[in-house]
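Asks: Here it is, the structure, as structure tokens.
Any read-out appearing in this document is the output of simple, stated calculations on the displayed coordinates, not a laboratory observation. What you see is a predicted model; the values in this text were computed from it and never measured. As a convention, Cβ positions derive from the backbone with ideal geometry for all residues, glycine included, and neighbour counts pool all protein chains shown.
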């Protein structure tokens with residue numbers, strides 16, 4: 001069999017496996033999830049998870065008045081607690097639960113201040129919970145919490161139960177915190193909560209919400225149905241030498257294929273549209289990784305010597321899903337010579353986000369990151385909305401630059 005036919009056969013086998021699992025997801029009702037429906041910005045954001053967990057922790061049984069889910073969570077803490085903190089006071093009476101609890105502005109030396117994701121408070125006793133999905137640790141983050149609440153149990157909650165970085169711990173000793181994971185610990189607790197609400201008519205909506213959230217966590221931690229699908233695909237690839245070689249050839253060409261789709265279905269029509277609307281000399285310059293994957297672009301206007309319109313998967317403050325676009329200086333000399341650009345932005349836009357290289361930063365909607373794999377796939381569909389999204393953002397930036405030039409700002 002020719003190499004072309006072997007590759008086609010492998011495509012057919014993996015497509016059949018994928019379609020089988022997609023049908024399972026459809027027939028089970030898992031295809032609908034309210035958390036996915038509202039977009040990536042929500043379910044990949046730490047604040048969302050903190051709020052949802054807090055809501056569950058605050059839940060009170062209307063008949064008994066007890067914080068059932070909180071008690072189940074405390075049992076989880078007791079089972080995972082290697083330091084033997086005493087959580088018994090939190091089982092009775094009123095426990096105050098805060099989300100995003102401010103402990104003051106972060107000082108320049110990162111010794112004080114910050115926001116606690118979840119704070120359980122009972123008198124002078126506290127449990128501090130720091131949740132991490134994709135965001136990186138902040139300097140002295142856990143140490144600052146310990147400094148504010150020296151007797152608190154500090155829980156570091158991540159997808160897989162990883163240890164906090166040395167940067168986050170600062171001078172915090174290992175006996176002052178312990179780690180939990182969404183993968184096992186939170187899933188175990190959520191399933192306990194789900195079982196409790198299963199046969200309670202008054203909890204039918206709550207039960208459904210917990211079930212959908214469990215699905216989110218399983219997928220975020222690689223334990224959803226797609227894990228089973230991937231395992232089956234791996235077995236197919238490993239079945240014989242030819243399958244493995246075909247998979248290798250596909251892998252080698254995947255980035256190039258994605259780039260081809262981006263250029264043909266996105267960058268080229270976007271360039272044509274911009275030239276028609278803003279001038280035939282406008283061009284787009286691709287931004288790519290060392291591996292050659294296109295992950296951004298600059299809009300270049302010949303008459304602008306100092307700035308470009310940049311769309312990039314550069315993250316703002318290391319936050320997942322906060323890729324950025326805006327005005328970016330072309331060179332270091334432009335930064336030094338033309339502070340008037342940054343000053344105009346400050347004077348005319350409320351609370352602008354700026355850095356040394358970016359006089360104006362705005363966030364790209366996570367659902368419209370054109371370098372994201374799901375977006376690349378959507379570019380093969382007719383009438384995909386992503387092109388219009390970028391046209392609108394670029395038009396807004398051109399409107400801003402026109403105002404700048406009208407008052408003499410040199411671009």
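Asks: Which percent, nearest 5, of DSSP beta bridges in the chain are antiparallel?
Replies: Of all bridge pairs located within the chain, approximately 75 percent are antiparallel.
Asks: Another question, if that's okay. How much of the DSSP bridge set in the range 34-226 is antiparallel, in percent, rounded to the nearest 5? Mind showing how you got there, number by number?
Replies: Working: 11 of 22 bridges.
Taking every DSSP beta bridge with both residues in the range 34-226, the antiparallel ones total about 50 percent.
Asks: Let me ask you something else. At 20 °C and 1.002 mPa s, what whole-number value in µm²/s does Stokes-Einstein give for the translational diffusion of the range 255-406, with Rh from the Kirkwood sum over Cα pairs? Numbers along the way, then the final one.
Replies: Values: Rh = 16.1 Å.
Value of D from the Cα-based Kirkwood radius: 133 µm²/s.
Asks: Follow-up. Let me know the shape class of the chain, please: from the alpha-carbon gyration tensor, a ≥ b ≥ c as square roots of the eigenvalues, rounded when a/c is under 1.5, otherwise prolate if a/b is greater than b/c, or oblate.
Replies: Here the chain falls in the oblate category.
Asks: Using only Cα atoms, find the angle between the long axis of helix 241-262 and the longest principal axis of the chain, and express it within 0 to 90 degrees, rounded to the nearest 10.
Replies: Approximately 60 degrees, to the nearest 10.
Asks: Moving to a separate point now. Helix 3-28 sits at what angle to the longest principal axis of the chain, using alpha carbons and giving 0 to 90 degrees rounded to 10?
Replies: 40 degrees
Asks: Could I have the simple spin-label model distance between residue 198 and residue 278, label points 7 Å from Cα toward Cβ, reported in nm to one decimal?
Replies: Taking the simple label geometry, residue 198 and residue 278 are separated by 5.7 nm.
Asks: If I stretch the segment between residue 379 and residue 122 completely, what's the gain in nm (0.36 nm per residue apart, minus their alpha carbon distance), one decimal?
Replies: So the extension gain works out to 87.3 nm.
Asks: I need to check one value: relative contact order of the range 281-393, counting alpha carbon pairs closer than 8 Å and at least 6 residues apart, in percent. Show your work: numbers first, answer last.
Replies: Details: 159 pairs, mean separation 20.8, N = 113.
RCO, the range 281-393: 18 percent.
Asks: What FRET efficiency do you get for residue 249 and residue 396 if R0 is 45 Å and r is their Cβ-Cβ distance, rounded to the nearest 0.05?
Replies: FRET efficiency, residue 249 to residue 396: 0.55.
Asks: Working from Cα positions, state the angle (0 to 90°, nearest 10) between the long axis of helix 225-237 and the longest principal axis of the chain.
Replies: 60 degrees
Asks: Something else now. Per the helix-only calculation at 222 nm, which mean residue ellipticity applies to the chain, given -39500 (n - 2.57) for every DSSP H run of n ≥ 4 and division by its residues, nearest 500 deg cm²/dmol?
Replies: Using -39500 (n - 2.57) per qualifying helix, the result is -14000 deg cm²/dmol.
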